[in-house]
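As structure tokens, the structure follows; a few thoughts come after it.
Laboratory data are not the source of any read-out in this text; all were calculated from the coordinates shown. Since we're looking at a predicted model, the values are computed, not measured. Cβ placement follows ideal geometry from the backbone for every residue including glycine, while neighbour counts extend to all protein chains displayed.
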Amino acid sequence: MLNLIVRTHKMRYRDGQDVLPGDFVSIDTKYRGTVVGCIDTAQYSPPHSHAQWSYLGTGIMVDTDFGGVVHYPEGPDSDDIVLLRRGA
């Protein structure tokens, strides 16, 4: 049996909004990406999953326009990540 530990701490943008899978974001003002996972709350956009990324422990996963899926362990504060628009 697989025991999952899910933190209830939610990653937030600097403006206080929760980070959610599907969010389209700006990274360091020059890159773009889509949030595909929030490890702390075990929320993911298919085909990504908690089983795939939980070993990283904390943070968010962003599918970027510069390097594929990138892990940001500190969430939006680890780089200048700003919400541009909510996903569908």
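Report the normalised scattering of the chain as log10 I(q)/I(0) at q = 0.14 Å⁻¹, calculated by the Debye formula with identical scatterers on the alpha carbons. Log10 of I(q)/I(0), two decimals: -0.41. Counting 0.36 nm for each residue step from Tyr13 to His48 and taking away their Cα separation leaves a gain of 10.5 nm.
Computed from point charges on the beta carbon alone (+1 for Lys and Arg, -1 for Asp and Glu), the dipole magnitude for the chain about its Cα centre is near 220 Debye.
Each Cα pair under 8 Å and six or more residues apart adds its sequence gap; the mean of these over the residue count of region 24-85 is a relative contact order of 37 percent. For Asp23, the amide hydrogen comes within under 5 Å of the amide hydrogens of Val35, Gly87, counting only partners 5 or more places away or on other chains and with H modelled in the peptide plane.
For Arg86 and Lys30, a Förster radius of 22 Å and the Cβ-Cβ distance give a FRET efficiency of 0.55, rounded to the nearest 0.05.
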